[in-house]
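Input: a single structure, listed below in structure tokens.
The values are calculated or read from the model by the stated rules, or taken from the named source; none is laboratory data. Only a predicted model underlies this, so the values are computations on that prediction, with no experimental measurement involved. Positions of Cβ are generated from backbone atoms using ideal geometry, with glycine treated the same way; all protein chains shown enter the neighbour counts.
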């Protein structure tokens, strides 16, 4: 009898905990709470805040910077210095919010705008004897998709984003010394590279994953 009572009590406790966890997950899906987090991806590392305007719409504000300043090609000390930091403002919309299913509760479409404090590459050739500055767009609209509320527990959640920042102007290439001005080979090569469709996609790509902490009132 005691054993039966103990088994029944444990079953009730486990069932209650599971039910409570499911209620919390459903509540978080339908009533997202504000959160702050760290993101890591193609635009570097950053911080991000999310605020729920209503059940199917979130406002998102973030800041990113690229921590790797110099990349060497290994040939005659040819290298590139990357300078990139930006602030973003997005609106995330869950179009299937009132439906059932994983994508309905977790998936969203995102639109927004990014302003770059710096968005340029310094390209060096021949042991730094020849160098150029490549300046990219300062302002870029954004469109993308993502997943959010991928719960680790009731406090921490994972978000993912995949999209594209649309440049509003072409890359500007400026030779920075006399040797660079006298040589047209590298200038033409850089222009062809960074006006190609592949490089445009690479420079505008936004793919990241973040860990957020829910702020409970």
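General remarks:
- Selection within the range 195-217 - surrounded by 12 or more Cβ atoms within 10 Å (Cβ to Cβ) and either assigned to a loop (DSSP other than H, G, I, E, B) or modelled with pLDDT under 75 (or both): 195, 215
- Which numbered condition residue 65 fails, given (1) in contact (Cβ under 8 Å) with a residue 24 or more places away in the chain; (2) within 21 Å of residue 167 (Cβ to Cβ): (1)
- The range 148-167 residues that are touching a residue at least 12 places away in the same chain (Cβ under 8 Å), paired with ones that are crowded, with 16+ Cβ neighbours inside 10 Å and part of a loop (DSSP other than H, G, I, E, B) (beta carbon under 7 Å, 6 or more apart): 149/32; 167/136; 167/137
- Scanning the range 71-96 for residues that are surrounded by fewer than 13 Cβ atoms within 10 Å (Cβ to Cβ) and at pLDDT 75 or above yields a count of 2.
- The lone criterion from (1) surrounded by 11 or more Cβ atoms within 10 Å (Cβ to Cβ); (2) at pLDDT 75 or above left unmet by residue 177 is number (2).
- Options 138, 151: the member that is over 16 Å from the mean Cα position of the chain (by Cα), at pLDDT below 95, closer than 19 Å to residue 113 by Cα and surrounded by 15 or more Cβ atoms within 10 Å (Cβ to Cβ): 138
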